[in-house]
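The values are calculated or read from the model by the stated rules, or taken from the named source; none is laboratory data. Small disclaimer: the values here were computed from a predicted structure and weren't measured. Neighbour counts are summed over all protein chains in view; Cβ atoms, including those assigned to glycine, are modelled from backbone coordinates with ideal geometry. Side chains are part of the model used for accessible areas, which takes the heavy atoms of the whole protein and leaves out ligands, DNA and RNA. Shrake-Rupley method; radii C 1.70, N 1.55, O 1.52, S 1.80 Å.
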Amino acid sequence: MSPFQNSELHLPIRPALLAVHAQLLESFTRSGTWWTGAERRAIALEARAASTCGLCAKRKAALSPFSIEGGHSGPGELGAEIVDVIHRIVTDPGRLARSWFDRVMAEGHLTEEQYVELVSVTVLLNALDVFACAIGSSPLALADAQPGSPSRVRPATARIEGAWVPQVPVGADGGDDWTAAYGDREYVPQIGRALSLVPAEVALLNLTSESHYMSIDHVTDPGYSEPDRALDRLQMELVASRVSAVNECFY
Amino acid sequence: MLRASIQYSGADAELSGIAEGSKAGDAGITHGERLTAFADAAVAGDPAELATARDALRAAAGSEILVDAAGVVGNFERMVRIADGTGIPLDGVVSAMTSDLGIELGLDELESRRVTKANPLTTAFRPVFRGVLKTGLRVAGWRSRKRR
């Protein structure tokens, strides 16, 4: 049975989508690699609150998002600096800058590993909520946090390779870390490697891509279409490109 | 990837739907106008505008397309935030294929353009890469359609 509350439309949601949504929801409440289940749940709820935050709306409308001070509206279970990072990622990602990231790291409230996992939880929750809203449903409820401790395992080979955050190097340079995250693939686009400092989040990213868009292995093949989709490849790429353009994402 | 898919498919489609949204009409893509209107409304999040766009897409294209379009919107709301939040550079292939798109679609004016750097080697060999890629896509698409 679909968890989406939309009795009027009776939309036929593919089982694969529903299964991944359930898996993502569960992942927000259990311990990750660098955050506990309670902390991941708090990050997710803060990400949900960002879309209706008054301060974020003012910043979005301002010439510079860094010119307006104030407090965010949301559950506030995390430190103010961490809440600010989550809200900026959700509401104004196109104006995040290297200088901002360096300042966040210098403040010392987050490690690089925590930052990468926070980005992952934030954007996954946002993706679920955007989907729910788009089909006319309420956001899915989060269960209570599960007990447990973060595994705190960092890929030994991770290093800076052009992104702000360290990444597992491609192929032989990444050794076992590469194989664990990407199997026998010889190449993965940057977007698939962005979160590789926290491999468990790469797995969630891949699951989400496969069910909502297509497997990362097929993205660069313009002739490929997932067999169970109603959208053809051109329609899919039109929607994808338009969302990126509206978000002012150059990548 | 939209341009690559157009070249591969041999469709008479345009890229104007990316920059202009539903103002560009269908841009040669089936239900293109309603899909871009739905994508815009889903990103903006205005309930009334979204309800109108949702109903129009569903009426024209059906419920399955509506659900799949919502999935792609959600997925790319996530992707853009990962790219912008981690400052990843452009991939070599993407950089080669999109160099002139920056001007065509006004992408070079975006704030995030300053963050997303291209690989200097790719930049140097860009014209060669682009020519080979365009020809390769057309040939691959033609051969694939011939096999069907």
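Remarks
- Close amide H pairs (under 5 Å, H built 1.01 Å from N) link A:Gln167 with A:Arg159, A:Ile160, A:Glu161, residues at least 5 positions away or on another chain.
- Chains B and A, summed buried accessible surface - 1.4 Å probe, Å², nearest 100: 6300
- Judged by a Cβ-Cβ distance under 4.7 Å, the unpaired cysteines of chain A are A:Cys133, A:Cys249.
- Of the peptides B:70-77, B:54-61, A:195-202, A:73-80, the order by per-residue mean of other Cβ atoms within 10 Å, starting with the highest, comes out as B:70-77, A:195-202, B:54-61, A:73-80.
- Taking only alpha carbon atoms, the range A:1-92 gives an Rg to Rh ratio of 1.08, where Rh is the Kirkwood radius.
- The calculated Kirkwood hydrodynamic radius for the range B:15-88 is 12.8 Å, given to one decimal from all distinct C-alpha pairs.
- For the range A:14-148, radius of gyration divided by Kirkwood radius, i.e. Rg to Rh on alpha-carbons: 0.97
- Placed amide H near A:Thr33: partners under 5 Å, 5+ positions off or other chain: A:Ser151
- Working note: Karplus 6.51/-1.76/1.60 with θ = phi - 60° gives the range B:33-43 the couplings 4, 6, 5, 6, 5, 5, 4, 4, 5, 5, 6 Hz, where Gly and Pro are set to x.
- Accessible solvent surface per residue of chain A, calculated while the other protein chains remain in place, 1.4 angstrom probe, Å²: 40
- Its residue count N sets the reference 2.2 N^0.38 Å, and the alpha-carbon radius of gyration of chain A equals 1.02 times that reference.
- Residue mean of other protein chain beta carbons inside 10 Å, B:35-47: 5
- The phi-based Karplus calculation (6.51 cos²θ - 1.76 cosθ + 1.60; θ = phi - 60°) puts the 3J(HN,Hα) values of the range A:137-143 at 10, 7, x, 6, 6, 9, 6 Hz, whole numbers, x for Gly and Pro.
- Surface share of carbon and sulfur [accessible, 1.4 angstrom probe, percent] for the range A:14-148: 56
- Amide H within-cut-off set for B:Gly25, under 5 Å, with H built and near neighbours excluded: none
- Each principal axis of the Cα cloud of the range A:78-150 was evaluated for its coordinate range; sorted largest first, these ranges are 40, 34, 18 Å.
- Taking a span of 24 Å or more along the helix axis (Cα atoms) and a mean Kyte-Doolittle hydropathy of at least 1.6 as the rule, no DSSP H helix of chain A qualifies.
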